[in-house]
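The structure appears right after this line, and notes come after that.
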There are 2 protein chains.
Amino acid sequence: MKILVSIFALGILLPATLVASEPRAHIDDISVEFVTAFNTGDGAALARLYSEDATLFPPGAERVDGRSAIQKFWQGAMDAGMKLDELGATEVISRGDIAGEMGRFVLSVPGDSGVNKVIGEYIVIWKRDGHTWQLHRDIWNTK
Amino acid sequence: MKILVSIFALGILLPATLVASEPRAHIDDISVEFVTAFNTGDGAALARLYSEDATLFPPGAERVDGRSAIQKFWQGAMDAGMKLDELGATEVISRGDIAGEMGRFVLSVPGDSGVNKVIGEYIVIWKRDGHTWQLHRDIWNTK
């Protein structure tokens, strides 16, 4: 009886836990990959984290549509010597195969008088493709 | 028999149509209310379109948490004479009680040498509260 109760308890608790933690854990892991790809200047690895039909909405520039245009955009930032000191979610709201991530970043931008630290915030709409979560819509601004 | 077929066809088609169009139609309507409230300087009406625990992520400023702080923030923009020429969705992705809206706006900002037209883009995470959709997380930037 004790065993049966335990199995029932697991049966009730496990799915709820998985549903709640799964997208957030994936998104946190992919954000670490994002920082690594960015700081090693690997535009192809960075672009693979986005969906094929992803869109960036960068401040001060036109929207960037599609994975290959996104690779080119980020390669430009990396070639200019920018580095991500920090990047990560402050909140994730998910339903099914869609998640909205609110996050914060600190970017080092080399300038004429040394490196400027730029603090910014973002919202990313993530989409699950099979077992993989991908950045699908990405907008940010800076303080 | 003809009637039966029609009823079945309605039974199949109606729910799909409702699910697909419902959040987008609400969001489009509320965006019209947003512009009206903004352009008449009605901060209270504007704030009521946000959830009680909504957050703004404005460019060049700290995040703004909660409906009453949001009212104050927008009242400042309205009191500075800003007007929305355009605001609306370019895409809505929704699952259940959550929707991600990608949108575009044109803002008239009075300056020393006349009115500047500022073009921007945004992502809003909407949340359904009963039958009402509310702006829940709101970030934007400008070109």
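The values are calculated or read from the model by the stated rules, or taken from the named source; none is laboratory data. Keep in mind it's a predicted model, so treat the numbers as computed, not measured. Don't worry about glycine lacking a Cβ; one is built from the backbone with ideal geometry, like all the others, and counts go over all protein chains shown. Each accessible area value is taken on the protein alone, full model and side chains, heavy atoms only, with ligands, DNA and RNA left out. Shrake-Rupley method; radii C 1.70, N 1.55, O 1.52, S 1.80 Å.
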Fill in: Test for B:Glu91: is it closer than 21 Å to A:Val124 by Cβ and open to solvent by less than 40 Å² (accessible area, probe 1.4 Å)
no
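Would you check if B:Val5 is within 14 Å of chain A (Cβ to nearest Cβ), modelled with pLDDT under 95 and farther than 26 Å from A:Glu91 by Cα?
No, not satisfied.
Go through the stretch A:45-65 and give me each residue that's more than 14 Å from chain B (Cβ to nearest Cβ) and either closer than 28 Å to B:Lys117 by Cβ or among the hydroxyl-bearing types (Ser, Thr, Tyr) (or both).
A:Tyr50 - this is the single residue of the stretch A:45-65 that is more than 14 Å from chain B (Cβ to nearest Cβ) and either closer than 28 Å to B:Lys117 by Cβ or among the hydroxyl-bearing types (Ser, Thr, Tyr) (or both).
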Item to complete: Please go through the stretch B:28-65 and pick out each residue that is over 16 Å from the mean Cα position of the chain (by Cα) and either in a helix (DSSP H, G or I) or closer than 23 Å to A:Glu121 by Cα (or both).
Response: B:Pro59, B:Gly60, B:Ala61, B:Glu62, B:Arg63, B:Val64, B:Asp65
Worksheet, complete the sentence: Among (1) among the aliphatic types (A, V, I, L, M); (2) under 30 Å from A:Gly96 (Cα atoms); (3) within 14 Å of another protein chain (Cβ to nearest Cβ), B:Ile30 falls short only on (3)
Discussion item. Test of understanding: among A:Ala89, A:Ala99, which residue is within 14 Å of the chain's Cα centre (by Cα) and more than 20 Å from A:Thr36 (Cα to Cα)?
Written reply: A:Ala99
Worksheet, complete the sentence: Checking B:Lys83, B:Lys72 in turn, the sole residue that is within 22 Å of B:Asp53 (Cα to Cα), charged (D, E, K, R), more than 9 Å from chain A (Cβ to nearest Cβ) and open to solvent by 20 Å² or more (accessible area, probe 1.4 Å) turns out to be B:Lys72
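When you go through A:Ser51, A:Ser113 one by one, which is the residue that is open to solvent by less than 30 Å² (accessible area, probe 1.4 Å) and not aliphatic (A, V, I, L, M)?
Details: A:Ser113 fails: open to solvent by less than 30 Å² (accessible area, probe 1.4 Å).
One residue alone meets the criteria, A:Ser51.
When you check A:Phe57 against the structure, is it at pLDDT 95 or above, surrounded by fewer than 18 Cβ atoms within 10 Å (Cβ to Cβ) and not small (Gly, Ala, Ser), yes or no?
Values: at pLDDT 95 or above: yes; surrounded by fewer than 18 Cβ atoms within 10 Å (Cβ to Cβ): no; not small (Gly, Ala, Ser): yes.
So A:Phe57 fails the test.
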Worksheet item: Counting only residues that are charged (D, E, K, R) and within 10 Å of another protein chain (Cβ to nearest Cβ), which one in the stretch B:86-98 is nearest to A:Ile139 (Cα to Cα)?
Response: B:Glu91
Discussion item. Whether any residue in the stretch A:129-137 is open to solvent by less than 10 Å² (accessible area, probe 1.4 Å) and either at the interface with chain B (Cβ under 9 Å from one of its Cβ atoms) or more than 14 Å from the chain's Cα centre (by Cα) (or both) is what I want to check.
Written reply: yes
Worksheet item: Going by the structure shown, is B:Val124 aliphatic (A, V, I, L, M), under 20 Å from A:Asn141 (Cβ atoms) and within 11 Å of chain A (Cβ to nearest Cβ)?
Response: yes
Worksheet item: Is it true that B:Glu101 is within 10 Å of chain A (Cβ to nearest Cβ) and loosely packed, with under 14 Cβ neighbours inside 10 Å?
Response: no
